[in-house]
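Every number here is computed from the coordinates shown, using simple stated rules; none is lab data. Computed from a prediction, not measured in an experiment: that's the story for all the values here. Every residue, glycine as well, gets a Cβ built from its backbone with ideal geometry; the counts of neighbours run over all protein chains shown.
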Amino acid sequence: MDAADINGDLTEVLYTEKQIQERVREIAVQIDEDYRGKEPLLVGVLNGAVMVMADLYRALTIHAQMDCMAVSSYGSGTQSSGVVRILKDLSIDVHGRHVLVVEDIVDTGLTLTYLLENLASRNPASLKLAAMFRKPEANKVHIDMAYVGFDIPNRFVVGYGLDFNGRYRNLVDVGVLNPSIYA
Ligand code: 5GP
């Protein structure tokens, strides 16, 4: 679905499908260069990173592998809870691997801080992060983001994998959810 299909649910479209796809391709070119000869393992964080993982992984021209983890963070609200739990762990051993975590969005960074510490303890050869969207709060946490798609305002957004109560993940654009939807 695109923004026109859910007329009224968004107050604003921040990025169109075309803009998102172009940015993903740009990031893929950088990853190609940085990881040439290293066969990185892309680790996606379910469910939000599904779209960016699918697009980014296919845009790479180098050999790479992918795996996914599921962690709980938000529940069904719009505020970060700070509670992180691994719901599904990786199937691939990351020891000695060049790991690139692929995230949909970094807001408070609570989820990622936990995840990166957890992955670092498994002794990967390297550990970096790619996030499609970054909110201002994220600048307060000291997470080195090797690749960032877009810096966005501190609003609750949906689309391109980002949901509200399980909806809007299949929206190809990304926009600000009308507060009336969650009021
Ligand atoms: P953090 O721990 O960085 O505060 O939040 C991480 C997770 O919260 C993200 O992976 C995402 O699932 C969710 N999240 C943060 N901001 C937003 C937002 O604006 N919209 C949606 N749909 N989810 C968000």
note = Contact order relative to length for the stretch 88-163, counting C-alpha pairs under 8 Å separated by 6 or more residues, stands in percent at 32 percent
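May I ask for the Kirkwood hydrodynamic radius of the stretch 126-183, worked out over all distinct Cα pairs and given in angstroms to one decimal? Please list the in-between numbers first.
Working: mean 1/r = 0.0788 Å⁻¹.
Kirkwood hydrodynamic radius for the stretch 126-183: 12.7 Å.
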note = Using alpha carbon centers only, the stretch 124-156 is separated from the stretch 164-179 by a whole-angstrom value of 20 Å
remark   = Two pseudo-spin positions, 7 Å from Cα along C-beta at Asn139 and at Tyr182, lie apart in nanometres by 2.2 nm
query = By how many degrees, 0 to 90 and rounded to 10, does the Cα axis of helix 110-120 deviate from the longest principal axis of the chain?
reply = 10 degrees
ask   = What is the spread of the Cα atoms of the chain along each of their three principal axes, largest first, in whole Å?
value = 48, 34, 28
message = Based only on other Cβ atoms within 10 Å, what is the fewest-to-most ordering of Thr111, Thr16?
response = Thr16, Thr111
message = What do you get for the angle between helix 17-34 and the principal long axis of the chain? Use alpha-carbon atoms, 0 to 90 degrees, nearest ten.
response = 10 degrees
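Counting only pairs 8 or more residues apart or on different chains, how many lysine pairs in the chain have their Cα atoms under 23 Å apart? Intermediate values should be presented prior to the final figure.
Details: Lys18/Lys135; Lys38/Lys128; Lys88/Lys128; Lys128/Lys140.
So the count works out to 4.
Can you figure out the FRET efficiency of Asn118 with Glu22, using R₀ = 30 Å and their beta-carbon distance, to the nearest 0.05?
On the way: r = 33 Å, r/R0 = 1.09.
The value I calculate is 0.40.
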request  = On a C-alpha basis, how far is the centre of the stretch 85-113 from the centre of the stretch 20-76 in Å? Whole number, if you could?
outcome  = 11 Å
ask   = So in the chain, what percent of DSSP beta bridges are antiparallel if you round to the nearest 5?
value = 35 percent
